[in-house]
Amino acid sequence: MFGTINRDLTLIFSNKSQMIIILSIIPIYLLVLDINQMERMYFLVLVMMTYIFVMTPFVFDMKSQTLSMMNSLPLRRKDTVLYRYLSVFIYFLISIVYSGIYLWVIKKTGLMDVEYFNLKMIKEALPYVLATVSIMFPANFKFGPRLAQILNAFLFSFTAVAAISLSRNGLGSLDKGIMGLLKGPSLLLVISVAYIISLLVSMRLYENRDL
Amino acid sequence: MNYSLEIKNLRKEFKGFTLKDLNIKLEPGFIMGFIGPNGAGKTTTIKLIMNLIKKDGGQIKVFGKDHVAAEKEIKDRIGFVYDENYYYEDLSIRQMKNIVSKFYSKWDDNQFNSYINEFDLNPKAKIKTLSKGMKMKFSLAIALSHQADLIIMDEPTSGLDPVFRRGILDILYNIIQDENKSIFFSTHITTDLEKIADYITFINDGEILFSEAKDKILDSYRIVKGSTKMLEGNRDKFIGLRETDVGFEGLTNNINQIESSFNNDVLIEKASLEDIMVYSIRGE
Amino acid sequence: MNIIISNSSNEPIYEQISSQIKELILRGELDEGDLLPSIRGLARDLQISVITTKRAYDELEREGFIQTMQGKGSYVAGQNKELMKEKKLKIIEEKLWEIAEESKLLGLNYEEVEAMLKILFEEV
């Protein structure tokens with residue numbers, strides 16, 4: 001597990017363009033979104049940050065064609081999948097800490113009055129991330145670069161579109177539709193089960209895949 | 001006895017190509033050369049051993065254990081060098097090494113550094129700046145720095161100059177001084193193997209033609225040269241033939257038969273591995 | 001100890017090695033108890049297969065020239081010089097007997113045979 005996380009973080013911090021994206025997400029959102037939607041912005045930042053951390057290894061493996069090399073190391077495919085699914089929680093935590101510090105600094109310097117920690121949003125962001133990852137992961141584990149990239153692009157743009165409609169229509173629009181579903185404790189249970197099912201499906205798919 | 005590598009009736013089907021009836025045994029302490037033309041199935045076999053692709057039938061055991069059931073344990077003891085060695089392009093050698101080394105239980109950093117020195121590689125160099133040869137050297141440095149008992153190499157020397165290739169052979173010779181280590185080395189450059197290999201497995205079109213001690217192979221094949229008219233009625237005695245306006249050249253593995261059929265009217269010479277490979281394929 | 005092998009000779013490499021080592025022993029350049037290079041070390045130095053060097057050593061051991069001790073290596077065995085010399089002498093004697101027989105059958109006399117031998121001695 002440690003080896004995998006070490007690899008992910010090394011990759012993330014090695015790439016200049018990646019770093020720039022990570023550093024500019026918050027400023028961009030702050031510029032694009034209305035001051036009234038700070039709550040939702042926080043939500044989006046958490047989600048996007050987690051996505052970036054989580055999807056990085058897939059992207060790099062595609063770009064650098066390193067799948068064969070990585071899978072020749074002493075690592076079971078099942079374990080690779082498991083670590084991916086567990087790492088989502090770790091990266092979610094990292095994005096909470098990262099955005100917390102970033103936004104706290106912005107607030108302290110008086111640039112903008114932002115929230116740097118919102119438990120309610122955290123509670124909504126986590127299920128959202130888990131739910132979307134449950135779909136993204138099996139696709140990425142099963143399919144080759146092109147197909148997986150299409151799916152990822154779809155998901156990213158979906159989130160981006162949500163951000164834009166959010167900034168146009170305000171909070172109200174969110175409480176309908178998907179976000180409306182993200183309330184209630186039973187939902188967390190459903191999501192957890194879905195996550196585990198997704199994990200098992202990914203394991204099966206990845207184990208049987210020819211590289 | 002525990003073979004380093006034991007393959008039984010391995011089978012893999014693709015559209016338009018099937019690998020079948022593969023049987024290979026390699027004892028610890030020896031080097032096996034895996035030769036065959038391009039597309040014969042060498043890389044496929046290695047991918048199957050490393051469980052990068054799934055087999056359709058048969059059994060593969062490494063160090064006596066099933067290669068899937070004990071995958072992690074086995075790969076901890078395998079050093080691999082592939083034809084195309086891909087790494088994360090934006091990382092430096094040192095960074096890449098730091099990623100990979102965490103996965104091996106017996107990683108030896110001192111050993112790695114001494115190989116990097118010997119190979120004249122700069123640990124700070126970015127992977128994307130490395131040539132094919134340098135990437136291969138980097139792979140080899142990694143493969144040799146975690147006490148691997150089996151080194152698997154897939155066409156490691158193709159595209160590299162002869163000086164370099166000899167250097168690799170020297171390194172392999174040094175590895176094999178330890179009689180617990182084995183090397184499985186696929187290539188279509190047979191001259192590399194003519195010296196160093198203990199065993200040769202020859203694959204063509206997904207099937208194994210022979211898997212034997214190299215000395216035995218080189219002892220039993222001969223190149224026969226003579227005038228064309230001598231071929232009358234004798235063509236079937238050869239595995240492969242090349243006929244020209246000025247005579248013929250043929251490969252045989254039955255020296256006695258040739259000697260009795262032709263007496264002393266032909267020239268009989270040793271066959272190189274390349275001769276054997278080329279005639280065995282063309283002659284079909 | 002120097003061993004030079006020829007790739008182009010018709011003599012198998014393992015035989016070249018074993019006969020060169022035998023010669024070194026018979027000539028006294030290798031003494032009883034001398035340690036021979038390991039089969040792997042020799043294979044590396046000559047750039048050949050370890051199976052070849054092992055075969056050479058196995059033959060030398062079979063014929064009593066060397067002794068291999070597990071884990072320690074191969075040593076030149078003792079007393080062989082005399083034994084081998086005797087054995088070789090015996091072979092030469094047998095061959096000479098054959099020559100004598102054949103020559104007599106052909107009607108050659110001793111001087112004619114001696115003359116042939118002289119020429120051959122110079123050629124070999």
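Brief remarks on what is shown
- Remark on C:Ile66: its backbone amide H falls under 5 Å from those of C:Glu61, C:Ala77, a criterion applied only to residues 5 or more positions apart or on other chains, H modelled at 1.01 Å from N.
- Using R0 = 25 Å, the C-beta based FRET efficiency linking C:Ile3 and C:Glu32 works out to 0.85.
- Note on A:12-24: average number of Cβ atoms from other chains within 10 Å of each residue's Cβ is 1.
- Karplus (6.51, -1.76, 1.60) ³J(HN,Hα), θ = phi - 60°, over segment A:107-124, in Hz, Gly and Pro reported as x: 5, 4, 7, x, 5, 8, 8, 10, 8, 10, 7, 9, 4, 4, 5, 4, 5, 8
- Extreme residue, positive dipole direction of the protein assembly as shown, given options B:Ser280, C:Ile119, B:Ile189 (C-beta unit charges): B:Ile189
- Taking amide H as placed 1.01 Å from N in the peptide plane, the amide H of B:Ala271 sits under 5 Å from that of B:Ile223, each at least 5 places away or on another chain.
- Over 28 Å (Cα to Cα) - which of A:Lys63/B:Lys8; B:Lys75/B:Lys128; A:Lys16/B:Lys102; A:Lys63/B:Lys75; B:Lys25/B:Lys75; B:Lys20/B:Lys102 fall in this group: A:Lys63/B:Lys8; B:Lys20/B:Lys102
- Counting only DSSP beta bridges with both residues in chain B, the antiparallel share comes to about 65 percent.
- Across the options A:Val114, B:Pro162, C:Leu24, the greatest Cα extent toward the positive end of the charge dipole of the protein assembly as shown (unit charges at beta carbon of Lys, Arg, Asp, Glu) belongs to A:Val114.
- Built amide H within the under 5 Å cut-off of B:Phe30, gap 5+: B:Ile183
- Residue of C:Leu83, C:Leu106, C:Leu60 that the Gaussian network model of chain C assigns the largest fluctuation, springs spanning Cα pairs under 10 Å: C:Leu106
- Selection among A:Phe53, A:Ser24, A:Tyr42 by position relative to the dipole of segment A:23-84 gives A:Phe53 as farthest towards the positive end (Cβ unit charges, Cα centre).
- The A:Lys142 and C:Glu82 beta-carbon pair, evaluated with R₀ = 60 Å, returns a calculated FRET efficiency of approximately 0.20.
- Karplus-derived 3J(HN,Hα) values for segment B:8-14, using 6.51 cos²θ - 1.76 cosθ + 1.60 with θ = phi - 60°, are 10, 6, 5, 9, 8, 10, 10 Hz; glycine and proline are entered as x.
- About its Cα centre, the protein assembly as shown has a charge dipole of approximately 4420 debye under the convention of +1 per Lys or Arg Cβ and -1 per Asp or Glu Cβ, with nothing else charged.
- Calculated FRET efficiency for the pair A:Ser24/B:Asn254, C-beta based, R₀ 45 Å, to 0.05: 0.05
- Net dipole in debye of chain B [+1 Lys, Arg Cβ; -1 Asp, Glu Cβ; about Cα centre; nearest 20]: 1000
- Between 0 and 90°, nearest 10: helix B:109-118 axis offset from chain B longest Cα axis: 50
- Estimated dipole of segment B:52-158 in Debye, rounded to 20 [Cβ of Lys and Arg +1, of Asp and Glu -1, Cα centre]: 260
- For segment A:41-47, putting each phi into the Karplus relation 6.51 cos²θ - 1.76 cosθ + 1.60 with θ = phi - 60° gives couplings of 5, 4, 4, 5, 4, 4, 5 Hz, in residue order, rounded to whole numbers and with x for Gly and Pro.
- Estimated from helices alone, the mean residue ellipticity of chain A at 222 nm is -28500 deg cm²/dmol (sum of -39500 (n - 2.57) over DSSP H runs with n ≥ 4, per residue).
Every number in this text was worked out from the coordinates using simple rules, so none of it is lab data. These figures come from a predicted structure and were not determined experimentally. Note that we place each Cβ from the backbone using ideal geometry, even for glycine, and neighbour counts take in every protein chain shown.
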